[in-house]
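**Q** If you scroll down you'll find the structure; I have some questions about it.
Every read-out reported here was derived from the displayed coordinates using simple, explicitly stated rules and does not represent laboratory data. From a predicted model like this one, the values you see are computed outputs, not experimental measurements. Every residue, glycine among them, receives a Cβ derived from its backbone with ideal geometry; neighbour counts consider all protein chains shown.
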Amino acid sequence: MTMLKQTITIFVSIFLLAMPLLAMQPPTGAAQEGFVPIDQLPPSEQLPAAPLLITAYAFVWVLLMVYLWSIAKRLGKVETEIQSLQRRSAGSGR
Amino acid sequence: MKGQYFLPLFALTTAMFAAAPFVIANAPYESTMLLVQKIFYFHVPSWFVMFSAIFISGIYSVIYLVKGDRKADQIAAAAAEIAVIFGVMGLVTGPLWGRKAWGVWWQWDAKLTMALLLEMIFLGYQLVRRYGGPGSDKMSAALAVFGMVNVPFVYWSVNIWRTVHPKTSVVPTLGPGMFGAFWFSVLSFMLLFSLLLTLRLRLERQRAVLDELYLAEEP
């Protein structure tokens, strides 16, 4: 019994000691141990400004054109309806 | 606006908008934000127009609520729609600038959140007017007054609360190259605003004529 207890104790101790080794993961590439400063970002990492500027400028133009078209369309519809009503009332002698 | 002024103003505005990209391109780069800062030249003027449109809408809404003048209501409705358009412009160009300058598209800080709420008030104005039924003109006029009161809070929020947005001191301290380009853009946008308001007001007036014709047809 003493022998069995000693054997179990040895195995549990080895298992517990081995746990940190088993828990070790392969390195991820992320800076976990420490940060290394650099002066400038590599070009591949920089967010380009030109697409943002062009998108903003294009959006302004497209929005204005769509709005102008929308006013012209609504105005055309109302004026057509006015003319039609005026013709109808003139035809009925009112 | 009388018809004789419309075409020259239209030509001038078109010429200024055609020249604006060159004027903006020739303006100096800002030292920290560089190229993306050039969004400033149409982001800020779009808010200037929005605020002007809101003041016009708000003041004419007060006149309509007090005197019941239908023409005042037409002007208020036309200006309110333009406020929504230029608000969308500001709310889209701002995040495109912020993505590069701040590293995020949006921050829920005082300035940005209040600007979004202002836009939502005037979207609400459009919805009330479109679907509110009888009496919606007065309800929407009250909304315009509420929105107008909100404008100073949006404008000065950057000076009152801590925010990532640039302060109001930026414009008065612009350097020589930036100053000219900025006010050129503002003038172009304000001319455009006057043209759009003229067109949109014509639509409101023609709608009123149409309503009168339909009422006259009723037995």
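**Q** Given B:Ala11, B:Leu187, B:Thr163, which one lies farthest toward the positive end of the charge dipole of chain B, if we put +1 on the Cβ of every Lys and Arg and -1 on the Cβ of every Asp and Glu?
**A** Most positive-ward Cα: B:Thr163.
**Q** Among B:Ala83, B:Ser57, B:Phe22, whose Cα sits farthest toward the positive end of the charge dipole of chain B (+1 at Cβ of Lys/Arg, -1 at Cβ of Asp/Glu, about the Cα centre)?
**A** Result: B:Phe22, furthest along the dipole toward the positive end.
**Q** Per DSSP H run of at least 4 residues, take -39500 (n - 2.57); add these up for chain B, divide by its residues and hand me the 222 nm value, nearest 500 deg cm²/dmol.
**A** -28500 deg cm²/dmol
**Q** With charges set only on the Cβ (+1 for Lys and Arg, -1 for Asp and Glu), what does the dipole of the stretch A:50-94 come to about its Cα centre, in debye to the nearest 20?
**A** I would put it at about 300 debye.
**Q** Need the full-extension length gain, B:Leu9 to B:Lys167, defined as separation in residues times 0.36 nm minus the C-alpha distance. One decimal, nm.
**A** Stretched fully, the B:Leu9-B:Lys167 segment lengthens by 53.6 nm.
**Q** Please state the equivalent ellipsoid semi-axes for the stretch B:57-151: what are the square roots of 5 times the Cα gyration tensor eigenvalues, largest first, in whole Å?
**A** After scaling each eigenvalue by five and taking roots: 30, 11, 11 Å.
**Q** Another question, if that's okay. Can you tell me how much longer the chain between B:Met190 and B:Phe55 gets when fully stretched, taken as 0.36 nm per residue apart minus their C-alpha distance, in nm with one decimal?
**A** 47.2 nm
**Q** So which trypsin sites (Lys or Arg not before Pro) in the stretch B:129-201 pass both tests, a DSSP loop state and at most 15 other Cβ atoms within 10 Å of the Cβ?
**A** Sparse-neighbourhood loop trypsin sites (Lys or Arg not before Pro): B:Arg162, B:Lys167.
**Q** For the stretch A:50-94, I need the span (max minus min coordinate) of the C-alpha atoms along each principal axis, in Å, sorted largest to smallest.
**A** 64, 8, 6
**Q** What is the sum of charges, Lys and Arg at +1 and Asp and Glu at -1, for the other residues whose Cβ falls under 14 Å from the Cβ of B:Met33?
**A** Net charge around B:Met33: +2.
**Q** Explain nothing, just the number: dipole magnitude of chain B about its Cα centre with +1 on each Lys and Arg Cβ and -1 on each Asp and Glu Cβ, in debye rounded to the nearest 20.
**A** With only Lys, Arg, Asp and Glu charged at Cβ, the dipole is about 420 debye.
**Q** Are there chymotrypsin sites (Phe, Trp or Tyr not before Pro) in the stretch B:106-158 that DSSP marks as loop and that have at most 12 other Cβ atoms within 10 Å, and which are they?
**A** Details: sites: B:Trp106, B:Trp108, B:Phe122, B:Tyr125, B:Tyr131, B:Phe146, B:Phe153, B:Tyr155, B:Trp156; in loops: B:Trp106, B:Trp108.
Here the chymotrypsin sites (Phe, Trp or Tyr not before Pro) that fit, given the DSSP loop and packing criteria, are B:Trp108.
**Q** Could you tell me the center-to-center distance, by alpha carbons, between the stretch B:182-214 and the stretch B:95-172 in angstrom?
**A** That distance is 22 Å.
**Q** Taking the Cβ-Cβ separation of A:Val36 and B:Val104 as r and a Förster radius of 30 Å, what is the calculated FRET efficiency to the nearest 0.05?
**A** 0.75
**Q** Once you've got the Cα coordinates, tell me which of A:Lys73/B:Lys111; A:Lys73/B:Lys71; B:Lys38/B:Lys111; B:Lys111/B:Lys138; A:Lys73/B:Lys67 are over 25 Å apart.
**A** Those over the limit are A:Lys73/B:Lys111; B:Lys111/B:Lys138; A:Lys73/B:Lys67.
**Q** Within the stretch B:1-47, report the chymotrypsin sites (Phe, Trp or Tyr not before Pro) that DSSP leaves as loop and that have at most 14 other Cβ atoms within 10 Å.
**A** Working: sites: B:Tyr5, B:Phe6, B:Phe10, B:Phe17, B:Phe22, B:Tyr29, B:Phe40, B:Tyr41, B:Phe42, B:Trp47; in loops: B:Tyr29.
Passing both the DSSP loop test and the Cβ count: B:Tyr29.
**Q** From the residues B:Gly177, A:Ile8, B:Leu213, which one has its Cα farthest along the dipole of the protein assembly as shown in the positive direction, the dipole being from +1 and -1 charges on Cβ of Lys/Arg and Asp/Glu about the Cα centre?
**A** Of the listed residues, the answer is B:Leu213.
**Q** Throw me the Rg/Rh for the protein assembly as shown, computed over C-alpha atoms with Kirkwood Rh, two decimals.
**A** Working: Rg = 29.7 Å, Rh = 23.7 Å.
Over the Cα atoms of the protein assembly as shown, Rg/Rh equals 1.25.
**Q** Could you give the nm distance between label points at B:Leu127 and A:Gln86, where each point is 7 Å from its Cα heading toward the beta carbon?
**A** 3.8
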